[in-house]
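Below is one structure; the comments refer to it alone.
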Amino acid sequence: QVELVESGGGLVQAGGSLRLSCVASGRAVSNYGMGWFRRAPGKEREFVAAITWDSRNTVYSDSVKGRFTISRTNSEDTVYLQMNSLKPEDTAVYYCSADFWGLGSPSKSEYDYWGQGTQVTVSS
């Protein structure tokens, strides 16, 4: 079993920055691929960013590419999402997820565990 706990969300003005953290606990968490997804009001959960277990590969959605950066510190079982140049359309609940196969997939069906989410609100 893997437990994921997100933090770092909040209210920020457009153009500002936030850094989300996700602390994982459980067996061999450092071998899991990790992802961030988000769900805006009235919309489906969508992919934001993912990272392989060894940090060798990252992938981003087109909507955040160049503005967001995913990273991880395996020694601390933590994954981060640095969000810069935030826009009102980035407003959503952000979820951390863990993928047993370590691949860091953009497909939410590949993920085995999910956190409870943290709210990010960007004002215009």
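The values are calculated or read from the model by the stated rules, or taken from the named source; none is laboratory data. Computed from a predicted structure; not experimentally measured. Cβ coordinates were reconstructed from backbone atoms using ideal geometry, including for glycine residues, and neighbour counts include every protein chain displayed. Accessible surface is based on the protein model in full, side chains and every heavy atom, while ligands, DNA and RNA are left aside. Shrake-Rupley method; radii C 1.70, N 1.55, O 1.52, S 1.80 Å.
Please state the relative contact order of the stretch 33-103 as a whole percent: Cα pairs under 8 Å, 6+ residues apart? The partial results should precede the final answer.
Working: 118 pairs, mean separation 28.8, N = 71.
Worked out over the stretch 33-103, it gives 41 percent.
Find which of Ser75, Phe100, Gly35 sits farthest along the positive direction of the dipole of the chain, computed with +1 on the beta-carbon of Lys and Arg, -1 on that of Asp and Glu, about the Cα centre.
Working it through, the farthest residue towards the positive pole turns out to be Gly35.
Enumerate the aspartates and glutamates that Lys87 could reach by cross-link, defined here as Cα to Cα under 18 Å, with residues fewer than 8 away along the same chain left out.
List returned: Glu46, Asp62.
Using modelled backbone amide H atoms (1.01 Å from N, in-plane), which distant-in-sequence or interchain residues come within less than 5 Å of Gly10's amide H?
For Gly10, whose amide H was placed from the backbone, the distant partners under 5 Å are Val120, Thr121.
Take every DSSP beta bridge with both residues inside the chain and express the antiparallel ones as a percent of the total, to the nearest 5.
Given both bridge residues lie in the chain, the antiparallel proportion sits at roughly 90 percent.
In the stretch 1-53, what GluC sites (Glu not before Pro) fall in a loop by DSSP, with at most 12 other Cβ atoms inside 10 Å?
Listed in order of number, the matching sites are Glu44.
Quick check: residue separation of Ser75 and Ala40 times 0.36 nm, minus the Cα distance between them. What number comes out in nm?
9.4 nm
When the dipole is taken about the Cα centre of the stretch 54-124, and only Lys, Arg (+1) and Asp, Glu (-1) are charged at their Cβ, what size is it in debye, to the nearest 20?
260
Starting from the amide H of Gly102, placed 1.01 Å from N in the peptide plane, find each other amide H under 5 Å away whose residue is 5 or more places distant or on another chain.
Gly33
Using DSSP to define loop residues, name the trypsin sites (Lys or Arg not before Pro) in the stretch 25-124 whose beta-carbon has at most 15 other beta-carbon atoms within 10 Å.
Passing both the DSSP loop test and the Cβ count: Arg27, Lys43, Arg56, Lys65, Arg67.
Return a whole-number percent for the relative contact order of the chain, with Cα pairs under 8 Å and 6 or more residues apart as the contact set.
Reported relative contact order: 36 percent.
What number results when the radius of gyration of the stretch 1-73, computed over Cα atoms, is divided by 2.2 N^0.38 Å?
The reported ratio for this selection is 1.18.
Accessible area per residue of the chain at 1.4 Å probe, in Å²?
Spelled out: the 1.4 Å probe surface of the chain, per residue, equals 52 Å².
Quick one: Karplus J couplings for the stretch 20-29, per residue in order, coefficients 6.51, -1.76, 1.60, θ = phi - 60°, nearest Hz, x for Gly and Pro?
For the stretch 20-29, the Karplus curve yields 8, 10, 9, 9, 10, 9, x, 6, 6, 4 Hz.
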